[in-house]
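Structure, as structure tokens:
The values are calculated or read from the model by the stated rules, or taken from the named source; none is laboratory data. The structure presented is a predicted model; accordingly, all values stated were derived computationally and were not measured. Cβ placement follows ideal geometry from the backbone for every residue including glycine, while neighbour counts extend to all protein chains displayed.
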Amino acid sequence: MSSFLFFSFHLYTPPLLQVVMLFSLFSCAVGLSLLPLVLFPCPAQACPARCECSVPTRSVLCHRKRLAQVPEGIPIETRLLDLSKNRLRIVTPQNFSSLLMLEELDLSNNLLSSVEPGSFRAQPRLRTLRLRANQLTLLPRGALAGLGELTLLDVSQNRLVILLDYGFEEQRRLRVLELADNELVFIAPRAFSGLPALRSLTLQRCNLSAVPGHALAHLHGLTNLRLRELDIAELPPHAFKGLGRLRNLEIDRWPALEGVPGPALQGLNLSSLYITHTNLSVAPALSHLPYLTHLNLSYSRLRVLPSGWLRGMDRLEVVRVRQAQLERVEPQALQGALSLRLLDLCQNRLKTLERSVLPTSLVVQSLLIGQNPLVCDCRLHWLLQRTPPLLYGEVEPQCSAPTTLAGKSFSEVVKPRFFQYVVCTKPRVISMSTYPAQAEEGQRAWLYCSSDGTPRPSISWLTPHRRYITTKSTGRVVVHVNGSLEFKMAEPQDSGIYICVASNPAGNATLSISMAVKSLGIRDGALYANRSFLFDPDYNSSQINGTERYTIRMVLDFTTILVSTAMGCLSFLGVVLFCFLLLFAWSRGKGKHRGSVDIQYVPRKRKGANSELTETSGPRRVNMKMI
């Protein structure tokens with residue numbers, strides 16, 4: 001029957017219509033075969049339950065889903081996987097074995113206590129790994145094996161106690177390493193070996209008691225180092241040896257740090273240095289950091305910025321010494337900082353700022369000196385009338401004295417009003433005297449100089465050798481606060497004319513006085529010559545005033561020499577008498593002992609090659625003298 005129908009169809013259907021009908025049947029068959037693929041998508045595009053997937057970004061977000069283990073069904077083409085804030089406890093090599101395309105993995109804020117070796121060996125493209133805020137106590141060797149493309153690793157806020165040697169040996173492209181908030185007590189000398197590309201390292205809130213200098217020496221490419229909240233008391237010499245490319249060093253919240261010795265920062269080419277929240281009491285020497293542009297010594301115990309402190313720092317642009325108990329900035333303290341544009345001295349104890357602190361050669365634009373007990377007298381007149389005016393920032397400085405200007409800001413203290421309430425008087429030397437009237441060699445002597453002026457002038461002295469002596473000078477000749485010049489031990493070369501110089505911001509005044517030192521006679525001079533000042537704490541030759549010698553005084557007089565000679569003679573006579581007693585005892589026993597000894601012996605028989613030879617001679621005798 002079917003044959004008949006096909007024959008009838010073939011017999012009565014035109015050829016063209018047959019072709020069209022056959023093509024329609026073929027299209028229907030193909031469409032029916034593709035229908036299951038449309039109704040049931042490819043399983044590669046599946047998304048794990050309770051997670052969010054994004055096909056355009058190829059990311060899977062399982063953030064804060066209370067997951068106790070890595071979910072199954074993560075697409076193999078995933079590039080970003082976020083598993084943060086879950087309850088994962090361990091990472092094994094099987095967890096991510098199928099995710100070969102993974103580039104960023106976030107495991108932060110879990111309960112991870114262990115990362116097994118080789119856990120990430122199947123992720124050769126991984127660039128970012130975050131293990132922050134977990135319970136890791138150790139990163140065993142091999143835990144990061146296979147991560148040759150890793151650029152950022154964050155293991156902060158864990159319980160790491162020690163970093164083992166070669167723990168990061170395969171991360172040769174790692175650029176950022178975060179180790180803050182751990183319990184580190186030791187970093188092995190080769191812990192950072194194999195990190196030539198590392199640029200940023202953070203060590204914060206650890207239990208380290210010393211700077212891990214040997215470990216840091218392997219980071220030749222490091223540019224940013226942050227050492228925060230560490231209980232380290234000192235920086236040893238060459239603490240950062242080998243870090244020639246380091247540009248930014250931050251030392252913050254070291255309460256035990258009281259000083260930074262000069263050699264500690266030797267060999268560095270820093271552009272910014274931050275030493276804040278410390279007990280630093282002496283400004284560190286910075287002349288060996290010529291490339292420094294930003295300096296911050298805030299929140300310390302600095303009281304004085306010494307003269308010449310920034311000499312040679314011609315690239316320095318910003319200096320901050322905020323809230324540091326600063327009482328005085330000495331003249332020429334900033335001399336040499338030719339590029340300085342911002343000086344921040346807020347919240348200190350400054351009462352004035354002399355004109356020599358900011359010479360006209362500096363290009364300072366902003367001077368932040370708010371919240372200081374400034375005395376608005378003639379010492380600050382130069383600052384109030386400076387053109388162009390300086391920028392004082394958000395907190396404008398105010399006057400704390402005199403009473404008529406107390407509480408007034410600088411903008412309110414205009415020129416007429418300033419000179420109405422402030423009196424500046426040029427200093428005047430009132431009187432001068434010497435005590436004693438004629439000093440004797442080896443005795444103490446004083447030169448007195450009294451002066452007046454507003455504000456109170458400071459006193460310095462000019463010696464006959466054209467050398468200035470101030471209250472900062474130490475040694476044999478010193479200047480006291482009241483202006484007197486003391487010679488702790490006068491010498492003949494101290495004779496001459498001395499000039500008293502009284503200075504204040506209104507000007508200078510001078511007055512001269514002569515001093516004569518009487519030389520000792522021949523007898524007394526001989527005794528004085530026997531005095532040794534090699535160990536004298538007060539001794540300071542007039543040739544080297546300003547230096548210190550830590551010695552004690554030894555005075556040799558005639559009585560001392562006589563007693564020493566007598567003791568020497570008695571010792572010599574005692575030794576000679578002892579020798580005579582020995583000779584006497586030896587001579588008394590000389591006749592009771594024999595002076596020679598006779599020894600008789602028989603020679604041994606000698607054997608020849610083929611026959612024995614008998615000794616024909618008798619015993620032999622030897623005589624020995626006894627000495």
Requested in this report: Please enumerate the residues belonging to segment 81-123 that are surrounded by fewer than 17 Cβ atoms within 10 Å (Cβ to Cβ) and hydrophobic (A, V, I, L, M, F, W, C).
Outcome: Ile90, Leu100, Met101, Leu111
Report summary line: Expected output for segment 407-432 (first residue among the basic types (Lys, Arg), partner at pLDDT 65 or above, Cβ below 6 Å, 6+ apart or cross-chain) is Lys408/Cys399; Lys426/Ala506; Lys426/Gly507; Arg428/Asp452; Arg428/Ala509
Report summary line: Filtering strands (runs of 3 or more DSSP E) wholly in segment 306-382 for at least 2 residues that are among the charged types (D, E, K, R) and closer than 22 Å to Pro402 by Cβ gives none
Query raised in the report: Name the residues in segment 208-241 that are part of a loop (DSSP other than H, G, I, E, B) and within 20 Å of Ala285 (Cβ to Cβ), would you?
Result: Val211, Ile232, Ala233, Glu234, Leu235, Pro236, Pro237, His238, Ala239, Phe240, Lys241
Report summary line: Restricted to segment 254-307 and to residues being on the phi > 0 side of the Ramachandran plot and modelled with pLDDT of 95 or more, the residue surrounded by the fewest Cβ atoms within 10 Å (Cβ to Cβ) is His277
Report summary line: When Ala264 is run through (1) in the same structural domain as Asp181 (by TED's automatic domain parsing); (2) assigned to a helix (DSSP H, G or I), the failure sits at (1)
Query - Single match in Leu338, Leu342, Leu326, Leu358 (criterion: crowded, with 17+ Cβ neighbours inside 10 Å, at pLDDT 90 or above and hydrophobic (A, V, I, L, M, F, W, C)) - result: Leu326
**Report entry** All positions within segment 98-117 that are hydrophobic (A, V, I, L, M, F, W, C) and part of a loop (DSSP other than H, G, I, E, B)
**Finding:** Leu99, Leu100, Met101, Leu102, Leu107, Leu111, Leu112
